[in-house]
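Undergrad: Questions regarding the structure given below will be posed in turn.
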Amino acid sequence: VQLQASGGGLVQAGDSLRLSCGTSERTFSKNGIGWFRQAPGKEREFVAAIRWSGGYTYYADSVKGRFTISRNSAKNTVYLQMNSLKPDDTAVYYCAAHRGILSTVRVQTAYDSWGQGTQVTVSS
């Protein structure tokens, strides 16, 4: 397994969590890292992504303004800071390596090296 997602937990609405995605040096050579999430009974959906070159960031509309994706290149780690959490944010969160062109940054099939996922549960 090349990516390791961690930091999930059980929190109340309005709380914050920070997820981490540890990458190997090999994965680091991809175009960037993305976070996706899958809620029970729903399709996996894009949450956020960051490009290694330039540090450009991309967000789903549902999390824009509440979530922040960032990177620590020295530690080969990408973070997802989640603030003002809502019950609708409850899901298993996955990180993966983006291997596609810029226009595919929100497309799951453009990613590989998926991590094992970390559960985030937000109670109301």
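The values are calculated or read from the model by the stated rules, or taken from the named source; none is laboratory data. All figures in this text were calculated on a predicted structure; none of them were measured in a lab. For neighbour counting, all protein chains shown are included, and Cβ atoms are generated from backbone atoms with ideal geometry for every residue, glycine included. Surface areas here come from the heavy atoms of the whole protein model, side chains and all, with no ligands, DNA or RNA. Shrake-Rupley method; radii C 1.70, N 1.55, O 1.52, S 1.80 Å.
Undergrad: Using a Cα-Cα cut-off of under 30 Å, which lysines could be cross-linked to residue 75, ignoring same-chain neighbours fewer than 8 residues away?
TA: List returned: 30, 64, 86.
Undergrad: When Lys and Arg each count +1 and Asp and Glu each count -1, what net charge do the other residues less than 12 Å away from residue 117, Cβ to Cβ, add up to?
TA: Residues near residue 117 contribute +2 overall.
Undergrad: Tell me, what is the per residue accessible area of the chain in Å², probe radius 1.4 Å?
TA: Accessible area per residue, the chain: 51 Å².
Undergrad: Can you bin the range 32-91 into rounded, prolate or oblate? Criterion: square roots of the alpha carbon gyration tensor eigenvalues sorted a ≥ b ≥ c, rounded for a/c under 1.5, prolate for a/b above b/c, oblate for the rest.
TA: Prolate, because a/c is 1.5 or more and a/b exceeds b/c.
Undergrad: Under a crude label model (7 Å from the Cα following the beta-carbon direction), how far is residue 109 from residue 64 in nanometres?
TA: 2.5 nm
Undergrad: Using a 1.4 Å probe over the heavy atoms of the protein chains, calculate the carbon and sulfur portion of the accessible area of the chain as a whole percent.
TA: Answer for the chain is 46 percent, counting heavy atoms of protein chains only.
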